[in-house]
Amino acid sequence: MIDTIAALASGRPPAALAVIRLSGPAAFAAVAALAGRLPPPRRLSLCRLRQGEATLDEALVAIFPGPASASGEDLAEFHLHGGTAVVAGVLAALTALHGVRLAEPGEYTRRAFANGRMNLSQVEGLADLVNAETASQRDQALALVGGALGRLADGWRERCLMLLAEAEAGLDFAEDEADVAERLDEAARHQLLAMADELASLIADSARAGRIRDGLSIAVTGPPNVGKSSIVNALSMRDAAIVTPIAGTTRDAIEVPIDLGGIAAQLIDTAGLRDTDDPVEAEGIARARRRAASADLVISMASADAPEWPSPAADGPAHLLLFNKCDIASPPLPAGALAVSATTGAGLPALRDWLGNWARSVTRLGEPALLSHARHRAAFADAEAALRNAAHAPEPVLRAESLRTAAHAFGRIAGRIGIDDVLDRIFSRFCIGK
Ligand code: GDP
């Protein structure tokens, strides 16, 4: 017998409301036990919830019969007053009933997946949606929840299966039909290579999808005391980094999340670059250089009191030269450089605009980017390799085998096959009640 699971699905009490969800075969019996009756399905009904003589709450209750419910099982929701004692009382009363226990993190979604209510890429999208902090992360997550990637992968899988059927038919050509077989072979090879190229461009675009999901990284570098920490604080509008007139204060990279017009980014305040005998500071500087090398953008700073510009690596990430303390002095600047004052705020709106434009152009906001997860990229890359193998296969038997491998790789996206090892990792991203 499957357990019935109960959990608080809304935020931590106290709050105006709290939602407790209940899913499983004993869900409706549990509702009847607390509410004294079973309300009509898919409608909120006001019920007095009791345990024995005690009233637990006056609450709105809805029941959703399976299999058309979110979890695919009989599911109920209690919309309670969001007090700690109310929530604790209802959860205790529910779990005291036979067959009802508290849910594990992600267990509702896991049941939805097991019951075919969602495919695996939709589950991943749901986890992204719950964690989305910016508009672009939300849009990308919603596309995934809506099944856009699953449909794409299914379409590809269908194409592979059709070619597989053709390859298998090709196995049966008689000797005297060799010329027909040859022509079909050529057409199939052409199609396979075109498909592989299409996949390659989707995979090439996946770095962009990853940037939208994980956020862009922006390293702020320059000599000590140019105002790196002041700029990070000013842009993020919080006092995350320590600002002092003493050179060498920032020893380790500090990351501060910012929202660049709906695009997530991390500003990384790094240790000031200078020669030092202090081993801790030297390690900080080495880390600063590493962070700068792997960032999406490096803001190289100079200031009125340290006017030398660093020379950006030609093959390194995108660069912005930023001159700070323009309230003290404003010398002529190299082309493309911006002047600001962290103290007076002068130039900061222009800096924000510049960063917003840069973020929009690297993420190409508005264009859907579907392969945002390493798991999806890996499956598509496997499929691409298999399609190229199929195109160059010397015999129909080998072509069929490679096409099977490609179809299998696409099947992994929706979670049809070969996913046991990833399930725990995916569901561990959910909180209890989801
Ligand atoms: P960092 O070492 O590069 O991170 O520099 P900090 O942000 O710690 O700033 C070093 C010193 O410069 C502090 O005393 C700041 O108050 C000062 N400072 C930062 N920005 C400005 C600015 O725009 N104008 C002036 N006059 N002083 C600034």
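With a Förster radius of 30 Å applied to the beta-carbon distance between residue 360 and residue 161, the computed FRET efficiency rounds to 0.15. Got the relative contact order for the chain handy, in percent, Cα pairs under 8 Å and 6 or more residues apart? Across the chain, relative contact order equals 18 percent. Projected onto planes of every orientation and averaged, the convex hull of the alpha-carbon atoms in segment 213-363 covers 8.5 nm². In the chain, the portion of solvent-accessible area held by carbon and sulfur atoms comes to 56 percent [1.4 Å probe, whole percent, DNA, RNA and ligands not counted]. Computed 3J(HN,Hα) for segment 27-34, one whole-Hz value per residue from the Karplus formula 6.51 cos²θ - 1.76 cosθ + 1.60 where θ = phi - 60°, is 4, 6, 5, 5, 4, 4, 5, 7, glycine and proline marked x.
Between residue 205 and residue 282, the distance separating the two model label sites (each 7 Å from Cα on the Cα→Cβ line) works out to 4.8 nm. Within the chain, all pairs of alpha-carbon atoms sorted by distance into 20 Å bins from zero give the percentages 21, 35, 33, 11, 0. How much of the DSSP beta bridge set in segment 213-363 is antiparallel, as a percent to the nearest 5? DSSP beta bridges in segment 213-363 are roughly 30 percent antiparallel. Mind checking which of 169, 288, 93 is farthest towards the positive end of the chain's charge dipole, using Cβ charges of +1 (Lys, Arg) and -1 (Asp, Glu) about the Cα centre? Sorting the options by dipole projection puts first 93. Note on the chain: GNM, Cα springs under 10 Å; of 288, 409, 306, the largest mean-square fluctuation is that of 306.
Of all DSSP-defined beta bridges confined to the chain, some 60% are antiparallel rather than parallel.
Only DSSP H runs of four or more residues enter the estimate; each adds -39500 (n - 2.57), and after division by the residues of the chain the mean residue ellipticity at 222 nm equals -14500 deg cm²/dmol.
Quick one: order 53, 124, 186, 77 from most to least accessible surface, probe 1.4 Å.
Values: 53 175, 124 5, 186 95, 77 40 Å².
The most accessible residue leads, giving 53, 186, 77, 124.
When the chain is treated as a Gaussian network with alpha carbon springs shorter than 10 Å, the biggest mean-square fluctuation among 230, 372, 294 belongs to 294. The stretch between residue 114 and residue 44 holds 22.5 nm of extra length on full extension. This uses 0.36 nm per residue minus the Cα-Cα distance.
Between 279, 317, 65, the GNM of the chain built on Cα springs shorter than 10 angstrom shows 279 fluctuating the most.
Working value for segment 4-103: equivalent-ellipsoid semi-axes of 18, 14, 13 Å, each the square root of 5 times a Cα gyration tensor eigenvalue, largest first.
Taking amide H as placed 1.01 Å from N in the peptide plane, residue 434 has its amide H under 5 Å from the amide H of 106, 107, 108, each at least 5 places away in sequence or on another chain. Label-to-label distance for residue 293 and residue 169 is 5.5 nm, based on points extended 7 Å past Cα in the beta-carbon direction.
The values are calculated or read from the model by the stated rules, or taken from the named source; none is laboratory data. Small disclaimer: the values here were computed from a predicted structure and weren't measured. Every residue, glycine among them, receives a Cβ derived from its backbone with ideal geometry; neighbour counts consider all protein chains shown. Only protein heavy atoms, including side chains, enter the accessible area calculation; ligands, DNA and RNA are left aside. Shrake-Rupley method; radii C 1.70, N 1.55, O 1.52, S 1.80 Å.
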